[in-house]
Amino acid sequence: MDLPPRGQRRHRPGNRNRQANPLSTTQTTQASGTHSTADTLPRRGRRGRGGSRGSSMHTPRMVPGGRQFGGRLTEATEESARPGASTLQADAPEFQPGQPVVPRHQLPRQRRPRASKSTAPDIATRTHEDIDNGHYECAICTEDVRRHSRVWSCRTCWTVFHLGCIKKWSAKEGSAAAHQQAQDGEPSPPRQWRCPGCNLPKDVLPKSFACWCEKEMDPKPLAGLPPFSCGQTCARQRLIPKKCPHPCPSTCHAGPCPPCTQMGPTQSCFCGKKSVTRRCVDTDYEQGWSCGDICADLMLCGEHTCPRPCHEGLCGACEVRVPARCYCGHSQKDILCCDRGEQMESSQSHLASDGSVSVEYWVGLFECTNVCGREFDCGKHYCEKLCHKQDAQSPHCPRSPDLVSHCPCGKTPLEEISNTVRQSCEDPIPNCLKACGKLLNCGHECRQLCHQGECLPCLQIVSITCRCGRTTSPSICHQGTEELPQCMRVCRVSLNCGRHECGERCCPGERKASERQSSRRKLRPLSSTPRNPDEAFEAEHICTRICDRPLKCGNPDHRCQELCHKSACGTCREAIFEEISCNCGHTVLQPPLPCGTKPPPCRFQCERPKMCGHPQVAHNCHQDEESCPKCPFLTTKLCLCHKNTLSNQPCWLIEVRCGETCGRRLRCGAHKCQKQCHRPGECAEPCRQPCGKELSVCGHPCLAPCHSPIPCKEDKPCQHKILVTCDCQRIKQEAKCNASRSSDGNLKKALKCDDECGRLERNRKLALALNIDPVTHQDDHVQYSGATMDMYQENSTWAATQEKEFRLFAADPAQKRLRFKPMPANHRAFLHSIAEDFGLDSESMDPEPHRHVAIFKTPRFVMAPMKTLAECARIRQVQRVTTSPPIITTLRPKPTNMSGDPFNAFLITNPRFALTVEEVNSLVKSTIPNAPFPLEVNFLPSEEVALRPPLMARVTMPERDMQVTLEALKPILSQAISAHTIGKLQLVRLDSSLNILRKEVDAGPGAGWSQVAAKGAPARKVEKNVALGTRGGFAVLSLSSTKKKVEKEKPVEVADDWEAAEMMEEERERVSGANSGVNSGNES
């Protein structure tokens, strides 16, 4: 079976009508005598236009009459598409109406054999042939590089890549570092990236598609030209094997330019005696050439010629050795010609043994290292100078009396020092008593007295500053050579990298760094140019360490080799040549890849088995760093404390807790573990719970940490809170017990009764005399108007909030005005009404919809009412019950609450002094251990104790069932409370804030002050059955019922126009004031 060559694909016949019409197919086959054109194999590149996909999509349809109609104006056939085909041809078949057009036959297209991979010796030819034959693959994507591709070629290894592939490669993390923004806002220079073919760094990022010589952008493929060639002369400058001045004459090509075949220019040798012309590749344009003959140029000395072969540059110093004598005549030797000094003629006279004098002459060429040592004319002293020019006559002695006229310092003549005149050079030269004063090398004057010979070293004390300039110390003069000392101060300035400190002792750049940091803190104008953070650093504070931080690729051997820097390190420039696959191995990235490349995301399902054995949750393949989703299956697990087995627990949950208290006995033996469900052995050891043992001095439990089995020390004051009261127990003050072995603390402390205590004591005696029960007695006076109470009943929650605002305003003496937010007219009416009850002035302000109420304190305001609206509402309800038609019953019937809100709690009235929560809890648990729910103990501000069911019971149990349960528990609990003298128990209804809404005594018949007073009246003692609701004998203390009814029935009006209403009120007050004045005049 013959397979199509690479780059070609098989296609089905493009004309579907041939299969639908067998006659047409048969005719075509017979006419052609060969295979139909649909069996040919079109090239791969013809899929887009005219290929099988296009022909299958736009197949012409047959219409009645046998004509074809493809829905297009014209259709190019294969015959017309061939080169040289025309519209009218001589061999065209005869047209017959109603019959389909039979296409002319053509020879079958021969399959072109696919050429093998190129073996050309040069890179350019191999690249061109492999791209044309489909053998050249992109090293990144491994796809073929074709003539229609957009490519980029490396100028080092000449590898060709797809432009899109090399762009992604250079932009990927690990192959190219993005432009990092510097601190001053300017982008930092781009970092290098590595070519995947040669792995060498590149500076320029690939951006566009150009021909090989880069003269034309986006070149079009032309027949007869190499791939991606513009057809122009290459004209690139040759750099390999050497730089050449001749441009490449070849047509635009891939790879390096071929070696130059032209002749180079004529070049002379270095000495200029010979010249030669060579091929361009053999011509050394930069170094030149040497002929190899002796140079023979005259040297700089002017006497000798250069003995070196033909060379580049100057001949240099003359190294010919010549005989020479020094200036003083003591040394004579051969020296290099270039080492000769200035020629000086010297002469010296010699006295012969016969008394004759001869003079010796010579030319001195160098200075020896000997001392002259020539005898002066005195014959007693010798010259102490170094080698110098000589004269024929002996030099005059410098110590001769005719030359020395002053002391050695030169300040005083010898006549002023001594009367003795010097006769010869051997006589001593007297010294004066003045300072020498000669200028030393260090710049100071010699402070010695006038002396002969060299001055001693300078011993002057000077102040010298250390290198950093922060420490000054005294020192002996540096003798002209200044070397700054180093102090022990360590420089703590941060280097430019921001990671290291200077750490040098006596750093000379520390002062500059301080000035730089202070200048940075100064404010700069907005128009000023941003400062570069690195350019102002001192040279001493430039970090020269290697960064050596690990790169982002994750390879521990790849570290940043740049100098230590502030910003993030660049990406790794290495490449890896191994496959990178996902965890399951279905998705693989082929090398080469940038170092640090992460495994590719995989679209296949994760195949990791679960440790629990359950099926894996459907999710995509991932790496080991990411964990699989938690197992969602529900299982049965044992809790940590191994007490309970919990079902429906998620499989992924390892620690299952039942929530029960541990309860294991601790090692102390006195307490149990209070931690919730935990592992065995993790109890709270050592025990840190409060001791809890009863103290012998006060009876309170010990609050110290557990110290069992050691008894309580009781040496520290007890910190329990107690109530210190007066004798009548009205005044109560909370204080710490403070009892200990050495002191009773506040146990026996009592407060002093005040006037209010005396008043209450008198009232108690009066009630005792009148046979009034203080427990059941209640003040039934309602301190609010009927309109206020009616509006409160309509919206009690909102009204209670406004009442709270009024009471806070009334309690603050510094606040004189209260403004409410805008609200409807009915709400403003309530505020006006309750303000009148409080004794405050109210006023409505602003038009609708911004109309609001403002409250003011005036002299008529005294204090807020003692009773709240809720208390008055309960009193009013009791009053309504008592005014209902009388019902004949016993004096104390069983309370019923089926008509009102059910009771939901117990209330202990008149609780015992110093009653604690622990006492009430222990009594309740021991009395009703089998109760359906526990009771929460709460102390109210009125010092009464509330016992109510927990929140869960209040939410789940209906209120009526709750009341029935409480009524069943009341007899047993009331009997136990009375037996322990804790107080009296009754049913109440509480809200969520522990406010008492109704009490059991409120529901009884004839409740209130009138009923209590009636009990003490003599007439009531005779009657056995009393009708409910009958008024007591103290009803005269209240206002008349007629006046109350008038006040209650008086409607409360809220004026819409408050200004007009205010004017009318003022007018009414003036009229009433005038009438009162007239009446008073008439009475008088």
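Looking across region 282-300, just one residue is modelled with pLDDT under 85 and open to solvent by less than 90 Å² (accessible area, probe 1.4 Å), and that is 285. In the set (1) more than 26 Å from residue 193 (Cβ to Cβ); (2) within 28 Å of the chain's Cα centre (by Cα); (3) open to solvent by 40 Å² or more (accessible area, probe 1.4 Å), residue 622 fails one condition alone, (3). Would a scan of region 968-984 turn up a residue that is open to solvent by less than 20 Å² (accessible area, probe 1.4 Å), under 22 Å from residue 720 (Cβ atoms), assigned to a loop (DSSP other than H, G, I, E, B) and touching a residue at least 12 places away in the same chain (Cβ under 8 Å)? The answer is yes, given that some residue of region 968-984 is open to solvent by less than 20 Å² (accessible area, probe 1.4 Å), under 22 Å from residue 720 (Cβ atoms), assigned to a loop (DSSP other than H, G, I, E, B) and touching a residue at least 12 places away in the same chain (Cβ under 8 Å). Please indicate, with yes or no, whether at least one residue in region 430-437 is open to solvent by 70 Å² or more (accessible area, probe 1.4 Å) and not in a loop (DSSP other than H, G, I, E, B). No, because not a single residue in region 430-437 is open to solvent by 70 Å² or more (accessible area, probe 1.4 Å) and not in a loop (DSSP other than H, G, I, E, B). Just so you know, in region 415-439 the residues that are within 24 Å of residue 383 (Cα to Cα) and of a type in the set (A, V, I, L, M, F, W, C) include one that is farthest from the chain's Cα centre (by Cα), and it is 425.
Any residue at all in region 591-602 that is modelled with pLDDT under 90 and open to solvent by 80 Å² or more (accessible area, probe 1.4 Å)? Yes, that holds for at least one residue. Is it true that residue 241 is of a type outside the set (Lys, Arg), surrounded by 13 or more Cβ atoms within 10 Å (Cβ to Cβ), out of contact with any strand residue (DSSP E or B) (no Cβ under 8 Å at 6 or more places or on another chain) and closer than 23 Å to residue 155 by Cβ? Against the criterion (of a type outside the set (Lys, Arg), surrounded by 13 or more Cβ atoms within 10 Å (Cβ to Cβ), out of contact with any strand residue (DSSP E or B) (no Cβ under 8 Å at 6 or more places or on another chain) and closer than 23 Å to residue 155 by Cβ), residue 241 does not qualify. Within region 485-510, if we keep just the residues that are more than 23 Å from residue 545 (Cα to Cα) and surrounded by 14 or more Cβ atoms within 10 Å (Cβ to Cβ), the residue that is modelled with the lowest pLDDT turns out to be 486.
The one condition from (1) under 30 Å from residue 984 (Cβ atoms); (2) in contact (Cβ under 8 Å) with a residue 60 or more places away in the chain; (3) open to solvent by 60 Å² or more (accessible area, probe 1.4 Å) that residue 826 does not meet is (1). Candidates are the residues of region 923-932 that are under 58 Å from the mean Cα position of the chain (by Cα) and surrounded by 16 or more Cβ atoms within 10 Å (Cβ to Cβ); the one that is nearest to residue 954 (Cα to Cα) is 931. Of the residues contained in region 510-521, none is found to be free of Cβ contacts under 8 Å to residues at least 24 places away in the same chain, touching a strand residue (DSSP E or B) at 6+ places or on another chain (Cβ under 7 Å) and either within 24 Å of residue 536 (Cβ to Cβ) or not polar (S, T, N, Q) (or both). The residue of region 440-484 that is farthest from residue 512 (Cα to Cα), among those that are out of contact with any Lys or Arg (no Cβ under 9 Å at 6 or more places or on another chain), part of a loop (DSSP other than H, G, I, E, B) and of a type in the set (A, V, I, L, M, F, W, C), is 456. In this structure, is residue 721 within 55 Å of the chain's Cα centre (by Cα) and open to solvent by 70 Å² or more (accessible area, probe 1.4 Å)? Against the criterion (within 55 Å of the chain's Cα centre (by Cα) and open to solvent by 70 Å² or more (accessible area, probe 1.4 Å)), residue 721 qualifies.
Would a scan of region 678-685 turn up a residue that is outside any loop (DSSP other than H, G, I, E, B) and at pLDDT 90 or above?
Taking every residue of region 678-685 in turn, none turns out to be outside any loop (DSSP other than H, G, I, E, B) and at pLDDT 90 or above.
Residue 577 falls short on exactly one of the conditions (1) farther than 25 Å from residue 169 by Cβ; (2) open to solvent by 40 Å² or more (accessible area, probe 1.4 Å), and that condition is (1).
The values are calculated or read from the model by the stated rules, or taken from the named source; none is laboratory data. All values derive from a computational prediction rather than experimental measurement. All Cβ positions, glycine included, derive from the backbone under ideal geometry; neighbour counts span all protein chains shown. What goes into the accessible areas is simple: the full protein's heavy atoms, side chains included, and nothing from ligands, DNA or RNA. Shrake-Rupley method; radii C 1.70, N 1.55, O 1.52, S 1.80 Å.
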